[in-house]
Amino acid sequence: MMEGYPVVTDGDSTKQQQRHYYLLSELQTLVKDLPSSFQQRLSYSTLGDLALALIDGTVYEIVQGLLDIQHLTEKNLYNQRQKLHCEHQALKQDLIRKHKDALLSCKSHNLALLKSTQQAELEALEIRVREEQIMMDKKIVVEIDQKVIDQQNTLEKAGVPGFYITTNPQVSRELTMQMNLLELILKLQQKESQAGLL
């Protein structure tokens, strides 16, 4: 006997085959909840391959890990954006307070010049705030896009059918298909977990 290879008995093989049929049957039921355009694209063989990938539960763990990372990333990005927003609000409040103080101590003959200068400062701050928000939003989009690529890559390497890196925005159908496949996996995981099968 060669070392490093597990011994598969007929009992193990039968259990795996039963589990495969069970998963395939459950997937076929869950697919009925998807839009008909995606039901048509999910062939019996794709569902069979997906059921095979799910047999040992590893894919469930991978998907859960990817979801945890995604949620942490989203929370972190949201917090960064909120922090920037608060910094901008503080800058605006400081500028408004500074402007009020200056107006109180301003001589009437300088009032028009002061108001003009203050208006220019306020507009400059608004431009700065808008530019920083745009930069932050672009950073967020890039980071989320990278997470999607990481998820696709991980699931492809785990042998989950239908997953590969799709960076072309024109293939949004493929991305939607992958999201539907993930939804099937998560629903099946939840069902098995509730039934005590996991």
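The values are calculated or read from the model by the stated rules, or taken from the named source; none is laboratory data. Computed from a predicted model, the values in this text were never measured in an experiment. Cβ placement follows ideal geometry from the backbone for every residue including glycine, while neighbour counts extend to all protein chains displayed. Only protein heavy atoms, including side chains, enter the accessible area calculation; ligands, DNA and RNA are left aside. Shrake-Rupley method; radii C 1.70, N 1.55, O 1.52, S 1.80 Å.
Worth pointing out:
- For peptides 23-36, 114-127, sequence by mean Cβ density within 10 Å, most packed first: 23-36, 114-127
- Scattering curve values for the chain, log₁₀ I(q)/I(0), Debye with Cα scatterers, q = 0.08, 0.15, 0.16 Å⁻¹: -0.49, -1.00, -1.07
- If you take all other residues with their beta carbon under 12 Å from the beta carbon of Leu91, and give Lys and Arg +1 and Asp and Glu -1, the sum is -1.
- Taking all protein chains as shown and a probe of 1.4 angstrom, Lys187 keeps an accessible surface of around 70 Å².
- Accessible area of the stretch 36-117 belonging to carbon and sulfur atoms, whole % at 1.4 Å probe: 56
- Taken over the stretch 94-162, lysine pairs spaced eight or more positions apart, or on distinct chains, with alpha carbons under 21 Å apart number 7.
- With Cα atoms, 0 to 90° folded angle of helix 111-157 axis to the chain main axis: 10
- Spatial separation of Cα centroids for the stretch 147-186 and the stretch 24-61, in angstrom: 14
- Electrostatic bookkeeping for Asn180 treats Lys and Arg as +1 and Asp and Glu as -1; over the other residues with beta carbon under 11 Å from its beta carbon, the sum is 0.
- R0 of 30 Å, Cβ-Cβ distance Asp101-Glu74: FRET efficiency to nearest 0.05: 0.15
- Each of Ile140, Leu42, Gln28 was placed along the dipole of the chain (beta-carbon charges, centred on the mean Cα), and the one lying farthest toward the positive end is Ile140.
- Taking every C-alpha pair closer than 8 Å and separated by at least 6 residues, the mean separation divided by the residue count of the chain gives a relative contact order of 30 percent.
- The residue among Ile62, Leu72, Leu84 whose Cα reaches farthest toward the positive pole of the charge dipole of the stretch 34-88, with charges on the beta-carbon of Lys, Arg, Asp and Glu, is Leu84.
- Think of it as helices only: each DSSP H run of n ≥ 4 in the chain is worth -39500 (n - 2.57), and spread over all residues that comes to -28000 deg cm²/dmol at 222 nm.
- Distance-filtered residues of the stretch 47-66 - backbone nitrogen under 14 Å, label point 7 angstrom along Lys157 Cα→Cβ: 62-63, 66
- The GNM of the chain, with springs linking C-alpha atoms under 10 angstrom apart, assigns the highest mean-square fluctuation among Gln39, Gln93, Gln151 to Gln93.
- Ligands, DNA and RNA are left out, and with a 1.4 angstrom probe the accessible area of the stretch 87-198 is 67 Å² per residue.
- With respect to the chain, whose longest principal axis is taken over its alpha-carbon atoms, helix 172-194 is tilted by about 60°.
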